[in-house]
1. What single numbered condition from (1) under 24 Å from R84 (Cα atoms); (2) at pLDDT 85 or above; (3) open to solvent by 80 Å² or more (accessible area, probe 1.4 Å) fails to hold for I137?
2. Can you confirm whether the stretch 72-85 contains a residue that is open to solvent by 30 Å² or more (accessible area, probe 1.4 Å), more than 30 Å from G113 (Cα to Cα), in contact (Cβ under 8 Å) with a residue 24 or more places away in the chain and outside any loop (DSSP other than H, G, I, E, B)?
3. Does Q19 satisfy the criteria of being exposed (fewer than 13 other Cβ atoms within 10 Å of the Cβ), of a type in the set (S, T, N, Q) and touching a residue at least 24 places away in the same chain (Cβ under 8 Å)?
4. Would you pick out the residues in the stretch 100-134 that are open to solvent by 70 Å² or more (accessible area, probe 1.4 Å) and under 21 Å from F38 (Cα atoms)?
5. Take the residues in the stretch 55-65 that are in a helix (DSSP H, G or I) and hydrophobic (A, V, I, L, M, F, W, C); name whichever of them is surrounded by the fewest Cβ atoms within 10 Å (Cβ to Cβ).
6. If I go through the stretch 1-16 residue by residue, how many of them are under 23 Å from the mean Cα position of the chain (by Cα) and either surrounded by 17 or more Cβ atoms within 10 Å (Cβ to Cβ) or more than 15 Å from L57 (Cα to Cα) (or both)?
7. With respect to R68, is the statement that it is open to solvent by 50 Å² or more (accessible area, probe 1.4 Å), in contact with an Asp or Glu (Cβ under 6 Å, 6 or more places away or on another chain) and among the basic types (K, R) true?
8. Is one or more of the residues making up the stretch 78-94 over 22 Å from I156 (Cα atoms), in contact with a helix residue (DSSP H, G or I) (Cβ under 9 Å, 6 or more places away or on another chain) and among the polar types (S, T, N, Q)?
Amino acid sequence: GMTPLVDADNDEELVRLNQKQKLDPPQWKNARFDKYTFAQGMRYLKKHQPKFLFLSLNDADEWGHRNRYDMYTQTLKQYDVWIRELVAQLDAMGDYGNNTTLIITTDHGRGNGAEWSDHSIFTPGSQNIWLYGSSPITRENGLLRSFDRGYTHLDIRPTIEWTMGLEPLPCEKNSCGRVIEELVGPRWNN
């Protein structure tokens with residue numbers, strides 16, 4: 001949303017970003033522009049080196065639903081720039097960055113052809129999503145996979161649990177994924 005990001009020591013950079021975001025609301029409600037989310041996330045990463053950081057970017061989806069292909073593709077190009085910036089930042093952070101597992105994915109795909117601006121279980125093509133990951137064992141090349149090649153969103157949770165040293169949460173049959181071993185190495189599978 002538009003909620004300001006704050007930390008315990010009233011970081012001046014975060015305060016400045018919060019003020020800019022307040023003066024620059026997007027056309028859609030309940031979300032800030034991604035440029036503020038990314039800047040705040042990068043600031044927090046550099047300053048606090050958290051054990052877990054989750055960023056959710058929204059602009060591409062919003063532009064897609066508005067049938068603004070020009071803005072949608074411009075936003076995707078910006079995401080590519082930010083991913084390179086994030087990877088470079090982690091590379092510059094020594095042991096912290098070298099021992100970080102990075103998972104980037106989408107929450108859904110988009111429809112094919114004329115239905116590109118939509119997504120649902122009834123929209124052909126919108127089930128196609130992708131994952132980029134890097135970790136200490138993939139540091140040189142990273143890992144890019146399309147989930148139509150055997151992985152699903154269900155596999156993200158156990159992969160994150162593995163990287164955090166946690167045992168998997170109990171789950172019902174077919175409701176849990178498996179560790180993405182190419183990204184983090186073998187440990188356990190359901």
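1. (2)
2. Scanning the stretch 72-85, I find at least one residue that is open to solvent by 30 Å² or more (accessible area, probe 1.4 Å), more than 30 Å from G113 (Cα to Cα), in contact (Cβ under 8 Å) with a residue 24 or more places away in the chain and outside any loop (DSSP other than H, G, I, E, B), so the answer is yes.
3. Numbers: exposed (fewer than 13 other Cβ atoms within 10 Å of the Cβ): yes; of a type in the set (S, T, N, Q): yes; touching a residue at least 24 places away in the same chain (Cβ under 8 Å): no.
No: the conditions fail for Q19.
4. D107, W130
5. Initial filter on the stretch 55-65 (in a helix (DSSP H, G or I)): 59-65.
This time we only want the ones that are hydrophobic (A, V, I, L, M, F, W, C), so: 60, 63.
Numbers: A60: 19, W63: 22.
Per the criteria, the residue is A60.
6. Count: 6.
7. Details: open to solvent by 50 Å² or more (accessible area, probe 1.4 Å): yes; in contact with an Asp or Glu (Cβ under 6 Å, 6 or more places away or on another chain): no; among the basic types (K, R): yes.
For R68, the condition - open to solvent by 50 Å² or more (accessible area, probe 1.4 Å), in contact with an Asp or Glu (Cβ under 6 Å, 6 or more places away or on another chain) and among the basic types (K, R) - is not met.
8. So in the stretch 78-94, the residues over 22 Å from I156 (Cα atoms) come out as 78, 81, 85, 88-89, 91-94.
Those still in the list that are in contact with a helix residue (DSSP H, G or I) (Cβ under 9 Å, 6 or more places away or on another chain) too: 78, 85, 89, 91, 93.
Then keep just the ones that are among the polar types (S, T, N, Q); that gives 78, 89.
There is at least one residue in the stretch 78-94 that is over 22 Å from I156 (Cα atoms), in contact with a helix residue (DSSP H, G or I) (Cβ under 9 Å, 6 or more places away or on another chain) and among the polar types (S, T, N, Q).
The values are calculated or read from the model by the stated rules, or taken from the named source; none is laboratory data. On a predicted model such as this, the values are computed, not experimentally measured, just so you know. Note: ideal-geometry Cβ built from the backbone for every residue, glycine included; neighbour counts use all protein chains shown. Surface accessibility is based on the protein's heavy atoms, side chains included, excluding ligands, DNA and RNA. Shrake-Rupley method; radii C 1.70, N 1.55, O 1.52, S 1.80 Å.
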